[in-house]
Amino acid sequence: MSIRSRRWLAAAFCLLVTSPVAFVCAQAGSPKYDVAAEAKFKVTVQDMKLPGKGNEKEVAHLLVKSGDDNIDIYLCPKSFLDDMGATFAKGDEITVTGSKIKQDGGDLVLAREIVKGPDTLLLRDDKGKPVWTWHK
C-alpha cells in the first residue's frame with residue numbers, strides 16, 4: 001500500500017471515529033424534551049425569531065402570548081419550516097403542544113405539535129424526538 005493510500009485510509013478512519021463524537025457534542029447543547037411535562041397552550045403569536053441569512057439550520061422561535069404570560073416557543077430549524085411551508089404572523093391564534101423546560105434561567109416550550117386553523121405541523125414524535133432529522 002502506498003504512502004498516499006495510507007494517508008487517505010488514516011484520514012477516513014479519523015473522520016469515522018470523530019464524527020459520532022461531534023454529533024453527540026452538538027446534541028448535548030440542545031434542550032431535551034420532557035414528555036412528563038407536556039401540555040397544550042392556546043396562544044397568540046406576537047413575533048417570530050428567525051436565524052440570520054446563511055444560518056437556516058439554526059432554530060426558529062415563536063414569541064407568543066397566553067393571557068398576561070409571554071412564552072418563548074422553540075420550534076425547529078428554519079430550513080424545516082421552509083420545507084413544510086409553515087408560516088406564522090403576528091396575531092395568529094395557534095395551539096401548541098409542547099414541553100415546558102428551564103433553559104438559561106428562563107422558561108422555554110419545546111413545541112411538539114402546532115395547530116393553526118385546519119393545519120397541523122408535527123415537529124416531534126410522541127416521545128419528543130425531532131422529526132426534522134427524518135427529513136434529511
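If the condition is being at pLDDT 95 or above and not hydrophobic (A, V, I, L, M, F, W, C), then the stretch 75-98 contributes 90, 91, 92, 93, 95, 97, 98.
The rows are residues; the columns are (1) surrounded by 12 or more Cβ atoms within 10 Å (Cβ to Cβ); (2) modelled with pLDDT under 90; (3) among the basic types (Lys, Arg).
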position: 42; (1), (2), (3): yes, no, yes
position: 56; (1), (2), (3): yes, yes, no
position: 63; (1), (2), (3): yes, no, no
position: 73; (1), (2), (3): yes, no, no
position: 103; (1), (2), (3): yes, yes, no
position: 106; (1), (2), (3): no, yes, no
position: 109; (1), (2), (3): yes, no, no
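Within the stretch 111-136, which residues are of a type in the set (Phe, Trp, Tyr) and surrounded by fewer than 17 Cβ atoms within 10 Å (Cβ to Cβ)? 134 - this is the single residue of the stretch 111-136 that is of a type in the set (Phe, Trp, Tyr) and surrounded by fewer than 17 Cβ atoms within 10 Å (Cβ to Cβ). In the stretch 82-103, the residues that are closer than 14 Å to residue 65 by Cβ reach residues that are modelled with pLDDT under 95 and aromatic (Phe, Trp, Tyr) with C-beta atoms within less than 6 angstrom, at least six apart or across chains, in these pairs: 96/41. Within the stretch 81-103, the set of residues being assigned to a loop (DSSP other than H, G, I, E, B), in contact with a Leu (Cβ under 9 Å, 6 or more places away or on another chain) and small (Gly, Ala, Ser) comprises 86 only. The set of residues from the stretch 104-132 being more than 14 Å from the chain's Cα centre (by Cα) and not in a loop (DSSP other than H, G, I, E, B) comprises 106, 107, 115, 116, 119, 120.
The values are calculated or read from the model by the stated rules, or taken from the named source; none is laboratory data. What you are looking at is a predicted structure, and each value in this text was computed from that prediction instead of being measured. Reconstructed Cβ throughout: ideal geometry from the backbone, glycine too, with neighbour counts over all protein chains shown.
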